[in-house]
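A.B. asks: First the structure, then my questions, so here it is.
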Amino acid sequence: LGRIFAGLNFGILLAMAAIGLSLIYGTTGLSNFAHGEMVTIGALSLFTFNKVLGLDLILSALIATAVVTAFGYTQDAVLWRPLRKRRLGITQMMIVSIGLSILIRYFLQLVYGGDTKVLSQGEIWDVFGVPTQAVNVISAGVGVVILLLVAAFLTKTRLGKATRAVADNASLAAATGIDVERIIRIVWVIAGALTGISGVMLGLFLQASWDMGFSTLLLMFAAVTLGGLGTAFGAAVGAMVIGVFVEMSTLVIPTDLKFAGALVVMILVLLIRPQGILGKAQRIG
């Protein structure tokens, strides 16, 4: 039971980052390999404001989220928008994102060092007979609320519907009068905020280190692919499946291999259902 709860908790936290990754992929076609570093920046910013500067945990979490949100917007404004205007191909942009990922990752190692930063704190709560850190229970609750708000935004608001329209077919959306560039800019801000919150909470759940985002990046890609490329709801479902499997797999395989097990699940699902759990089947050729 403890493993299942930990898996669901991990899945919820992973889902927020995976939705951000999925929204960016859906609207721009970019598989952003620097997305993992946005998670790391969230966790290490929390460490900086909470442990180094001694600010309150909630205030530190809000500032850390704002830092990642600003980074998401800046990343698009300084790098991706100019490259889109030059009509750079998706493969070239993906290679740029890999380079950006490496640059940020090793810069963070230079600043923070290679050791793990301990963030967890507070009391232990009893959840259905399972002793669990209170901060993890609260994080899971907050995560569920945020995922419901994102679902409401995408399905009920004009902006959310426009985002989904751009993700489905950007050319058609532009033809109907939707400002595609504006939507992409908003998506980067939303993705930054979601990934910042995910980074803060994953920092509390896993502890913060300079390469934590890189180690969870494959899981995010697995969640997005498993759920169906470009679908935000699919990314959330995929993240839940991955989260539970990763935690449950430690019962039969070594802990060091638990992330690799998640990729095996992704491959098996895609062999049976190539479009992913919630993806639409597409005719090729």
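The values are calculated or read from the model by the stated rules, or taken from the named source; none is laboratory data. None of these values were measured; they are calculated from a predicted model. Please note: Cβ atoms are built from the backbone with ideal geometry, for glycine as well, and neighbour counts cover all protein chains shown. Ligands, DNA and RNA are stripped out before the accessible areas are found, and what is left, the full protein with its side chains, is counted by its heavy atoms. Shrake-Rupley method; radii C 1.70, N 1.55, O 1.52, S 1.80 Å.
A.B. asks: So, by mean Cβ neighbours within 10 angstrom, what's the order for 243-254, 30-41, 102-113 with the highest one leading?
C.D. replies: Working: 243-254: 16.7, 30-41: 25.8, 102-113: 14.2.
Packing proxy ranking, top to bottom: 30-41, 243-254, 102-113.
A.B. asks: Under the rule of -39500 (n - 2.57) per DSSP H run of 4 or more residues, summed and divided by the residues of the chain, what mean residue ellipticity at 222 nm is obtained, to the nearest 500 deg cm²/dmol? All intermediate terms of the calculation are to be shown ahead of the outcome.
C.D. replies: Working: 12 runs with 203 residues, N = 285.
Counting only the DSSP helices, I get -24000 deg cm²/dmol.
A.B. asks: Next up: Please give the contour-minus-distance gain from ARG273 to PHE107: 0.36 nm per residue of separation, less the Cα-Cα distance, rounded to one decimal in nm. Working shown, then result.
C.D. replies: Values: separation 166, 0.36 × 166 = 59.76 nm, distance 3.96 nm.
That pair, ARG273 and PHE107, stretches by 55.8 nm at full extension.
A.B. asks: Now a separate question. Quote the Stokes-Einstein diffusion coefficient, in whole µm² s⁻¹, for the chain, based on the Kirkwood radius over alpha carbon pairs, a temperature of 25 °C and a viscosity of 0.890 mPa s. All intermediate terms of the calculation are to be shown ahead of the outcome.
C.D. replies: Numbers: Rh = 19.1 Å.
It diffuses with D of about 128 µm²/s by this estimate.
A.B. asks: Related question: Could you pull out the chymotrypsin sites (Phe, Trp or Tyr not before Pro) across the range 118-204 that fall in loop regions by DSSP (anything but H, G, I, E, B) with no more than 14 other Cβ atoms inside 10 Å?
C.D. replies: The qualifying sites are PHE128.
A.B. asks: Which whole-angstrom value gives the distance between the alpha carbon centres of the range 158-236 and the range 40-110?
C.D. replies: That distance is 14 Å.
A.B. asks: Moving to a separate point now. List every residue whose amide H lies under 5 Å from the amide H of SER209, counting only residues 5 or more places away in sequence or on a different chain, with H placed 1.01 Å from N in the peptide plane.
C.D. replies: LYS117
A.B. asks: Could you state the principal axis extents of the C-alpha atoms in the range 2-51, from the largest down, to the nearest angstrom?
C.D. replies: Principal-axis extents of the range 2-51 (Cα, largest first): 36, 31, 12 Å.
A.B. asks: In whole Hz, with x marking every Gly and Pro, tabulate ³J(HN,Hα) for the range 83-93 from phi via Karplus 6.51 cos²θ - 1.76 cosθ + 1.60, θ = phi - 60°.
C.D. replies: 5, 5, 5, 7, 6, 5, x, 4, 5, 4, 5
A.B. asks: A further question follows. May I ask for the percentage of alpha-carbon pairs in the range 82-219 that lie more than 24 Å from each other? Mind dumping the intermediate values first?
C.D. replies: Numbers: 4802 of 9453 pairs.
Cα-Cα pairs in the range 82-219 separated by more than 24 Å: 51 percent.
A.B. asks: Based on the mean of other Cβ atoms within 10 Å per residue, sort peptides 160-166, 12-18, 90-96 so the most packed one is first.
C.D. replies: Numbers: 160-166: 19.7, 12-18: 30.1, 90-96: 13.6.
Peptide ranking by packing, descending: 12-18, 160-166, 90-96.
A.B. asks: In Å², and per residue, what accessible area does the range 177-285 have when probed at 1.4 Å with the other protein chains present? Walk me through the numbers on the way to the answer.
C.D. replies: Working: 4900 Å² over 109 residues.
Averaged over the residues of the range 177-285, the accessible area is 45 Å².
A.B. asks: Would you kindly give the portion of the calculated P(r) for the range 1-94 that falls above 22 Å, as a percent of all Cα pairs? Spell out each step's value before the answer.
C.D. replies: Numbers: 1847 of 4371 pairs.
Beyond 22 Å sits 42 percent of the P(r) for the range 1-94.
A.B. asks: Sticking with this one: Considering Cα pairs under 8 angstrom that are at least six residues apart, work out the relative contact order of the chain and quote it in whole percent. Could you put the intermediate results ahead of the total?
C.D. replies: Numbers: 461 pairs, mean separation 105.9, N = 285.
Rounded, it is 37 percent for the chain.
A.B. asks: Could you derive backbone 3J(HN,Hα) for the range 254-267 from the dihedral phi with the Karplus parameters 6.51, -1.76 and 1.60 (θ = phi - 60°), listing whole Hz in sequence and x where the residue is Gly or Pro?
C.D. replies: Taking θ as phi minus 60°, the curve returns x, 4, 4, 9, 5, 5, 5, x, 5, 5, 5, 4, 4, 4 Hz for the range 254-267.
A.B. asks: Moving on to the next point. Please compute the Cα-Cα pair-distance distribution of the range 139-285 with 5 Å bins starting at 0, giving whole percents from short to long.
C.D. replies: The percentages, shortest bin first, are 2, 9, 14, 20, 19, 16, 11, 6, 3, 1, 0.
A.B. asks: Hey, if we sort LEU44, LEU100 by accessible area with the 1.4 Å probe, largest down, what's the order?
C.D. replies: Final ranking, largest accessible area leading: LEU100, LEU44.
A.B. asks: Distance in nm between label sites at LEU148 and VAL252, each 7 Å beyond Cα in the beta-carbon direction?
C.D. replies: With each label point 7 Å from Cα toward Cβ, the separation is 3.5 nm.
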